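J.: Below you'll find the structure I mean.
The values are calculated or read from the model by the stated rules, or taken from the named source; none is laboratory data. Because the structure is a prediction, the values reported are computed rather than measured. Reconstructed Cβ throughout: ideal geometry from the backbone, glycine too, with neighbour counts over all protein chains shown.
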Amino acid sequence: MLNYVKLEATRMLRNKRYIIFVVAFPVGFYLLYSNLWGAQADESTGLQGRIFLLVSMAAYGALAASIMSTAVPWAQERQAGWLRQLQITPLPGWAVIVTKMITALLLVLPALLLVTLAAVLVQHVSLSGQLLAVIAAMWVGAIPFAALGLTIGSLLRPDTAQPLAMICMFGLALLGGLWFPVAMLPETMRGIARALPSYDYADIGWQIAAGKVPGTASLAGWVAWAVVLSALAVFAFRRATVRG
Amino acid sequence: MSSRTPDERHCDRRSRAFTVIGMNAIELSGVRKSFGAVRAVDGLDLTMEPGRTVAILGPNGAGKSTTISMLLGLARPTAGTVRVFGHSPEEAVARGEIGAMLQEGALIPELTVRETVDFIRRLYPRPLPLEEILRMADLTELAGRRADRLSGGQTQRVRFALAIAGGPRLLVLDEPTAAMDVESRRAFWESMRGYASAGRTVLFATHYLEEADENSDRVIVMARGRLVADGTAAEIKAGAGAGAGTVAFSLGDQPAAGLDVLPGVTAVDIQGGTVRLVTADVDATVAALYRGTDLDVRDLQVRGADLEDAFLSLTQAAEV
């Protein structure tokens, strides 16, 4: 299976779309935003802008990476017959979804690490134990988004998976408060934001960065989303790989 | 990758030794496959010994691909049983006994030929060496090229390489040359014969008659989900009754005795020193004429009922 993980990772690292959305966008936005608001403090968390934005952009990068590396490639593999190619080898069926999940999480790392690197080098954020805890939480926290991507890739054809993955990626980032702080949004939008896994995900990061224990609401929200989306991913995967 | 314990692997190897002797490569009995009201395969009984190359010939919609899907465990029969080397298709696939080239199958665009082939070969318990696979599929020169920069014919060669990568005992090819030009086809069949020559079993589906004729030692003709003929290409031509073949030559004043008992011969006609033999098996008759008699055969003329005639008459009969 290591062989398979390596193949999948190699393949995505050569994919231009992945590099643009996952590496260039979050790092670019971080540099831009932190330059504008890096010195201001966020009201709700008390975090400095450069750290608040570090968490936001790391969350966005991880979200983008986990959806990008799953939904469309998987939909294409199913349609183009690569899945069938695998089904007639000794590779067991469960290894495909497990590998996709592991690879998606591996591919989250470049996004997290590059945004962190930009924060450390350009904004002189110090690499503390807290920051490492944030990175670890953001890494594991990407599971529901990878599951969402796999669900999309299992249920839809590439031409419909593509726009839906984009909508999910940008919708979750925008409405979840990764691009603009939720506090800046009107009340109804705030309600929507709090219901989304992307808000729970980033909020856990912000709380850890602020030296607090993440709130129960965000933790419970994240766990609920992780369970539901993973169950959906497994169900959709089984449906997509069933033999006639 | 395998989750099997060393003990189980050991057992596998022992049972392999037993299964080689007297075990059919493929056994289909009473196999039916329905999709809703449509019977794609309708009562198929078939056994195939190991080490042979068998063609499944039939028009589109004859049930060839459905049969292949069931052999590979990609589809389950509605009724009947399918065994591959004594196992269910799923087990045979899991044991690495089967390699296949399906009709459709894109490669991963970002990966090179070498990466793709090496990945697939490592999934098998007893793969062929990488360089040997590349050589057999004529890909050595293209090994470093990315899949999205290959031509159609080159992609087909990679897919052939993927099918043989695990060194499977049974190689299944579903219309492998459909997208190839004449030269690629010739090279492809040469590669296939190279793989088959090591005592492996090959089953291929085609609707090109000459491919079945030239590359197999047994032809199974399917139409409407049923087996309509089974034998060597020559037997099928003869058995179809699509006009017997004739062998004519100058006899001069040599004796004509014994010509009527040559293999396949059904009638002998001699006029003015020229013999015309009507035969059910042109190949066998000609061979026997040269090897089995000491006649001085001159001006040999052979007009065979070709496989095309046979095929048409067989498949049309099944339509009724």
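J.: Looking at (1) more than 12 Å from chain A (Cβ to nearest Cβ); (2) surrounded by fewer than 22 Cβ atoms within 10 Å (Cβ to Cβ); (3) touching a helix residue (DSSP H, G or I) at 6+ places or on another chain (Cβ under 8 Å); (4) small (Gly, Ala, Ser), which is the only condition B:ALA147 fails?
T.: (1)
J.: Exactly one condition in (1) more than 14 Å from every other protein chain (Cβ to nearest Cβ); (2) among the charged types (D, E, K, R); (3) part of a helix (DSSP H, G or I) is false for A:GLU43; which is it?
T.: Exception for A:GLU43: condition (3).
J.: Kindly provide the set of residues from the stretch A:59-108 that are within 11 Å of another protein chain (Cβ to nearest Cβ), buried (at least 24 other Cβ atoms within 10 Å of the Cβ) and either part of a helix (DSSP H, G or I) or not aliphatic (A, V, I, L, M) (or both), ordered by number.
T.: A:PRO73, A:GLN85, A:THR89
J.: Any residue in the stretch B:147-154 that is farther than 17 Å from B:GLU97 by Cα, assigned by TED's automatic domain parsing to the domain that holds B:PHE85 and not charged (D, E, K, R)?
T.: There is no residue in the stretch B:147-154 that is farther than 17 Å from B:GLU97 by Cα, assigned by TED's automatic domain parsing to the domain that holds B:PHE85 and not charged (D, E, K, R).
J.: Can we say A:LEU219 is more than 14 Å from the chain's Cα centre (by Cα), part of a helix (DSSP H, G or I) and closer than 17 Å to A:SER66 by Cβ?
T.: When the stated conditions are applied, A:LEU219 does not pass them.
J.: Taking the options B:ARG218, B:ARG276, B:ARG200, name whichever one is on the phi < 0 side of the Ramachandran plot, without any contact (Cβ under 8 Å) to a residue 60 or more places away in the chain and among the basic types (Lys, Arg).
T.: Sole residue among the options that is on the phi < 0 side of the Ramachandran plot, without any contact (Cβ under 8 Å) to a residue 60 or more places away in the chain and among the basic types (Lys, Arg): B:ARG276.
J.: Looking at the stretch A:14-26, I want the residues that are within 11 Å of another protein chain (Cβ to nearest Cβ) and have a partner that is part of a loop (DSSP other than H, G, I, E, B) and hydroxyl-bearing (Ser, Thr, Tyr) with Cβ atoms under 9 Å, at least 6 apart or on another chain. Which pairs are those?
T.: The qualifying pairs are A:ASN15/A:SER69; A:TYR18/A:SER69.
J.: Answer with yes or no whether A:PRO144 is within 11 Å of the chain's Cα centre (by Cα), in a helix (DSSP H, G or I) and touching a residue at least 60 places away in the same chain (Cβ under 8 Å).
T.: Answer is yes for this residue.
J.: Filter the stretch B:173-186 for residues that are part of a helix (DSSP H, G or I) and within 16 Å of the chain's Cα centre (by Cα); which is surrounded by the most Cβ atoms within 10 Å (Cβ to Cβ)?
T.: B:ARG185
J.: Kindly indicate whether B:SER151 is modelled with pLDDT of 95 or more, out of contact with any Pro (no Cβ under 7 Å at 6 or more places or on another chain) and of a type in the set (S, T, N, Q).
T.: No: the conditions fail for B:SER151.
J.: If you don't mind, another one. Restricting attention to the stretch B:106-132, and to residues there that are at the interface with chain A (Cβ under 9 Å from one of its Cβ atoms) and of a type in the set (A, V, I, L, M, F, W, C), which single residue is surrounded by the most Cβ atoms within 10 Å (Cβ to Cβ)?
T.: Here the residue is B:ILE120.
J.: Tell me which residues, restricted to the stretch B:191-206, are in contact with a strand residue (DSSP E or B) (Cβ under 7 Å, 6 or more places away or on another chain) and outside any helix (DSSP H, G or I).
T.: If the condition is that a residue be in contact with a strand residue (DSSP E or B) (Cβ under 7 Å, 6 or more places away or on another chain) and outside any helix (DSSP H, G or I), then B:ARG200, B:THR201, B:VAL202, B:LEU203, B:PHE204, B:ALA205, B:THR206 are the ones that fit.
J.: Being in a loop (DSSP other than H, G, I, E, B) and buried (at least 24 other Cβ atoms within 10 Å of the Cβ) is the filter here; which residues of the stretch B:60-105 pass it?
T.: Scanning the stretch B:60-105 gives B:ALA62, B:GLY63, B:LEU72, B:GLU97.
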